[in-house]
Structures are given as structure tokens and as C-alpha cells.
Amino acid sequence: MGGDNHTTVTEFLLLGFSEESEQEELVFGMFLGMYMVTISGNLLIILAVSCDPHLHTPMYFFLANLSSVDICFSSVTVPKALVNHMVGSKSISYTECMTQIYFLFAFGNMDSFLLSVMAYDRYVAICHPLHYTLMMRPRLCVLLVAISWVITNLHALLHILLMVRLTFCFHNAVPHFFCDPYLVLKLSCSDTFINDVTIFIEGGVIFFMAFVCIVVSYSYICSKVLKMPSVQGIRKALSTCGSHLTVVCLFYGAILGVYMHPSSSYSLQDAVASVIFTVVTPMANPFIYSLRNRDIKRALRKIILRP
């Protein structure tokens, strides 16, 4: 945006990862491939859970919801980056940027909440197997997902309302392929103290609420598993948690890598971690849950081989 420092920004420039055309072509191909795999893989999980009556259980209900959110989460950022590359543009309008930020907050935190709900489900299944059906009633499962949606959308609404009150002047270049809220915040020529405090306090509470739920659930699970007399029982308990733990480590590892360390400038490490968080994790989830799950593999085999 040309002009002086009082010019109001009407669009932002998404600089991406590289200015070299050959590298941009490579990144475009990688992103297109990962996005197609993300959509197809998660749709297959949703289809398998919907079509197989044996998968109509709380665990797979939450998994289908996670796959739906992963499709939406990946679709917030990747399509815009692909379109910009195809039309030879780096711009994103102010409205599109704010919309992208809203859904990044909503779907990103929804992923976190669903992972915590799934951890609670595993806790009930392992620590209270005789009461599992009673404790994880269908109405409760729907209520847990609905409450998660309400909290995450209110969280996103709070942050976007604080964001739109800011003024953006001359600088409008975002060193990323999407409108990262923390990078966009640095471009504001207004006082961002309230935004920073809100992100630190309210955002921290939302983040650690889900994280603590996962940690507490697995603390009880580990305590229960260590008391099991048979090795077979331990293996069975761990097999039901292995996929979920892998996804949790990938998801939270990426978040901690990009957002939980002080950094005065955006680094390559931040870029890689944010790609893992926004692109790789949604793509990997269907593989992680299906490769080690015989029920999912059986349901997918029925769908693929259906005449």
C-alpha cells in the first residue's frame, strides 16, 4: 500500500515462503497434494463412521467430528494460498483476512477441545469399562461437542472483535501464506495492549483447559494400566490410546513450536511448525487413526470394495 503512514490498509500481502519461482512451484505442488489428501482422507473417515453401524459409538462419533473440523481447518488457509499462486497474486482483502483469522481461532481451538473430549472418552473406557455405556450416553456426547463449538466460537468472536477495532496503516506484508493473527497484530499502528493481554490470559485459559483435561485423563489411564495384572490387558489398553496420543503430540508439539516461545522475528522454525499445525496434522489424522485401527480399516475396505 503506497502513501503515508496514515493510509488505511484495505488488503494484506501474503508473502508465502519463497520469492523464487521454482521453489514456489514446488511449494504449490506440495500444498495441493496435501490438501487433496486431507479432504479425501477425512471424508473417507466420515463416510466409514456414518455407513458402518459397528462404528456408531462415542469414540468414532468424536473421530468423525474431528475429521469434519480438520477439513474446515485446512480449507481456511490452503485454498486461498493455491488460488493466489494460480492467479499470480499475493493479496488478500482486509475482510477475507479477518474472516480467515476468525475461523483459524474457531477450528484450531475446536480441534484442541475435541482431542480433550476424546481423551476423556478413553479415560472412561479404560478406567470405568462397566459404566462406559451409562457415562458416555449419546446425549452427553452431543452436548460435549455442542459446548465445545459454543466456547470456541465465542473465543474466536472475542479476538476478532478486538482485532477489527485496530487500525492498520502503511505496513501490510504478512510473512506467511495465511493471515496468522499474531503476525497481523504486529502490523497494527494502534495500541495492541488489550489484544496482547487477552491472548495471554483468555487464550491461555482456553488452551490449557483442553490440554490439562488431556493430561489428567492420561494420568488416570497410566495409573490404571500400571495396575493391570496381564500384559495382554496392558497392550489392549495402550492400543486404544496410541493413535490419539500420536495426534495429540503432533498437534500440541506444533503449537508449542510456533506460539509458545519468545521470538522477535518470524523464523524458518516458526514457518515449519505452523505448516505442521495447519496443513500436516489435518492430513495425517486419517492415516494415524486408520492404520492402527482394525474397525476403521474394515469399514473403509467395505466402502472401497462395494460393487
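The values are calculated or read from the model by the stated rules, or taken from the named source; none is laboratory data. Just so we're clear, the structure is a prediction, and the values are computed from it rather than from any experiment. Here the Cβ is made from the backbone with ideal geometry for all residues, glycine too, and neighbour counts use every protein chain on show. Remember, those area values only see protein heavy atoms, side chains included, never the ligands or the DNA or RNA. Shrake-Rupley method; radii C 1.70, N 1.55, O 1.52, S 1.80 Å.
In terms of overall dimensions, the C-alpha atoms belonging to the chain reach 72, 47, 32 Å along their principal axes, ordered largest to smallest. Other residues with beta-carbon under 12 Å from the beta-carbon of I194 carry, at +1 per Lys or Arg and -1 per Asp or Glu, a net charge of -2.
Computed with a 1.4 Å probe over protein heavy atoms only, the accessible area of R122 comes to about 20 Å². In 5 Å bins starting at 0, how do the alpha-carbon pair distances of the stretch 87-176 split up by percent? The percentages, shortest bin first, are 3, 11, 16, 16, 13, 10, 9, 7, 6, 5, 3, 1, 0. Charge dipole (Cα centre; +1 on Lys/Arg Cβ, -1 on Asp/Glu Cβ; no other charges) of the chain amounts to roughly 2000 debye. Here the contact order of the chain, divided by its residue count and restricted to Cα pairs under 8 Å and six or more residues apart, works out to 29 percent.
Taking every pair of Cα atoms in the stretch 32-90, average 1/r, invert it to obtain the Kirkwood radius, and report Rg/Rh to two decimals.
Working: Rg = 14.5 Å, Rh = 12.6 Å.
My calculation puts Rg/Rh at 1.15.
Counting Lys +1, Arg +1, Asp -1, Glu -1, what net charge surrounds D180 among other residues with beta carbon under 10 Å of its beta carbon? Summing Lys/Arg as +1 and Asp/Glu as -1 gives 0. The spacing between the stretch 98-123 and the stretch 16-70, judged by their C-alpha centroids, is 15 Å. 3J(HN,Hα) along the stretch 195-202, derived from phi through the Karplus expression 6.51 cos²θ - 1.76 cosθ + 1.60 where θ = phi - 60°, amounts to 4, 5, 5, 5, 4, 5, 8, 5 Hz, with x in place of Gly and Pro. Ligands, DNA and RNA are left out, and with a 1.4 angstrom probe the accessible area of the chain is 51 Å² per residue.
Find out how many positive minus negative residues lie around M163, taking Lys and Arg as positive, Asp and Glu as negative, among other residues whose Cβ is under 15 Å from that of M163. Display every interim value, and only then the final one.
On the way: positive: R165, K186; negative: E96, D180, D191, D196, E202.
That sum, taken over residues with Cβ under 15 Å, equals -3.
Measuring nothing but how far apart in sequence close Cα pairs (under 8 Å, 6+ apart) lie, relative to its length, the stretch 61-144 scores a relative contact order of 39 percent.
State, as an integer percentage, the relative contact order of the stretch 85-185 based on alpha-carbon contacts under 8 Å between residues 6 or more apart.
Details: 45 pairs, mean separation 43.7, N = 101.
About 43 percent, as a whole number.
Partner lysines whose Cα lies under 23 Å from the Cα of K186, excluding those fewer than 8 positions away in the same chain, are identified as K80, K90. The Cys residues in the chain with no partner Cys Cβ within less than 4.7 Å of their Cβ are C51, C72, C127, C141, C213, C222, C241, C249. Given a 1.4 Å probe and the protein chains as shown, V247 ends up with an accessible area of around 0 Å². The stretch between E202 and F170 holds 8.6 nm of extra length on full extension. This uses 0.36 nm per residue minus the Cα-Cα distance.
Starting from the Cα gyration tensor of the stretch 165-207, take the square roots of the eigenvalues, sort them a ≥ b ≥ c, and report rounded, prolate or oblate (rounded when a/c is under 1.5, otherwise prolate if a/b is larger than b/c, else oblate).
Working: a/c = 3.63, a/b = 1.45, b/c = 2.49.
Judged from the Cα gyration tensor, the stretch 165-207 comes out oblate (a/c at least 1.5, b/c at or above a/b).
Using a 1.4 Å probe on the protein heavy atoms, what percent of the accessible area of the chain belongs to carbon and sulfur? Could the numbers behind the result be given before it?
Values: 10780 of 15650 Å².
Solvent-exposed carbon and sulfur of the chain make up 69 percent of the total.
In straight-distance terms, cross-link reach from K227 covers every one of the lysines whose alpha-carbon lies under 17 Å from its own, apart from those fewer than eight places away in the same chain; here that gives K236. Stokes-Einstein diffusion for the stretch 136-196 at 20 °C, viscosity 1.002 mPa s, with a Kirkwood radius from C-alpha pairs, works out to 155 µm²/s. Need one word for the stretch 115-225: rounded, prolate or oblate. Basis is the Cα gyration tensor (sqrt eigenvalues a ≥ b ≥ c); a/c below 1.5 gives rounded, then a/b vs b/c decides. Prolate is the answer for the stretch 115-225, as a/c is 1.5 or above and a/b outweighs b/c.
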